[in-house]
Amino acid sequence: MKLSVTTWNINSVRLRLDLVARHAAEVQPDVICLQETKCPNDRFPLKALKALGYEHIAFHGQKGYHGVATLSRLPFSATESMSFCGKDDARHLAVTFGPGAGAASGISIHNYYVPAGGDIPDPELNPRFAHKLAFLDELMRWSDRARPTATPSILVGDLNIAPYESDVWNHRALLNVVSHTPVETTRLEEWRQAAGYVDAVRHLTPEPEPVFTWWSYRSPDWAAANKGRRLDHVWLAPSLVPTLKGATVSKAARGWERPSDHAPVTVTLEL
DNA sequence: ATGGTTGTCATACAA
């Protein structure tokens, strides 16, 4: 069976319900993982999203900031959210599908929103950058504990790091810009390898082909300038890699009316 | 080197 999964930093789910609806209609993913819902749980637009065909929804939000949600056409059997660095930020949500989802032992999907890290790439001067590095260190320790897992898993989300040279519009210019500094990109690679995942987008579109998923609101002509970064990722357990049939960035969504600054990334598996 | 935009919540702050 086919399983398609979208990850999208929506930058307020209430403000952009119509964009979620449009993406759902055009791409028809089975699962949509959203980040930056910016919505407390008691204000989450559950009915409107169910009406799009996603009857099974897990959400974990807070007032004003962060927030993740996973929308699914297929039922899932368990949900879990982890907290990091002793904070109760809503930055993670996992759902587990039973064997009916295609894989014999079921599939888990982890949905992450990694801290952006502020502007100054120095943990001594910038507590938000220190928090980002500590968050990644904690993920690394968690990965070591969690392996090996019984159910194959998919990890998606806004990881707020562009790890490779062709994940940014200008590698040299961004080496000291938060999201592409070596201390971040090294940690991201170490985390991915420690957790045993394969980068799905780069598996199908290797370097040096540029791939971007985010374009700043501050760029007046974002499409022409194309000063993008690949901040949004889909990682697959090795056992799922042979099932990977496609990975697409819906760049057009960045040009829709009142867009998120992130574009949806969708992978399709044939299980 | 600097400033550029957006969302939330209601005045800065985070991204």
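A few notes on this one:
- Enumeration of residues in region A:56-77 that are touching a residue at least 40 places away in the same chain (Cβ under 8 Å) and either more than 9 Å from DNA strand B (Cβ to nearest atom) or under 13 Å from A:H110 (Cα atoms) (or both): A:G67, A:V68, A:A69, A:T70, A:L71, A:S72, A:R73, A:L74
- When we screen A:R230, A:R172, A:R187, A:R218 for residues that are touching a Phe, Trp or Tyr at 6+ places or on another chain (Cβ under 9 Å) and charged (D, E, K, R), the only hit is A:R230.
- Residue within region A:93-102 that is under 24 Å from A:A162 (Cα atoms) and under 17 Å from the mean Cα position of the chain (by Cα) present: yes
- Selected residue (only one of A:P242, A:P259 is farther than 22 Å from A:E184 by Cβ and within 14 Å of DNA strand B (Cβ to nearest atom)): A:P259
- For region A:1-14, a residue qualifies if it is assigned to a strand (DSSP E or B) and either closer than 17 Å to A:R43 by Cα or within 16 Å of DNA strand B (Cβ to nearest atom) (or both), and the qualifying residues are A:T7, A:W8, A:N9.
- The residues in region A:96-114 that are in contact (Cβ under 8 Å) with a residue 60 or more places away in the chain and out of contact with any Pro (no Cβ under 8 Å at 6 or more places or on another chain) can be counted, and the count is 6.
- One residue from A:S153, A:S83, A:S105, A:S166 being surrounded by fewer than 21 Cβ atoms within 10 Å (Cβ to Cβ), in contact with a His (Cβ under 8 Å, 6 or more places away or on another chain) and hydroxyl-bearing (S, T, Y): A:S83
- Residue in region A:197-210 that is buried (at least 17 other Cβ atoms within 10 Å of the Cβ) and modelled with pLDDT under 95 present: no
The values are calculated or read from the model by the stated rules, or taken from the named source; none is laboratory data. Being a predicted model, the structure only gives us computed values, none of them experimental. Using ideal geometry, Cβ is built from the backbone for each residue, glycine included, and neighbour counts are taken over all protein chains shown.
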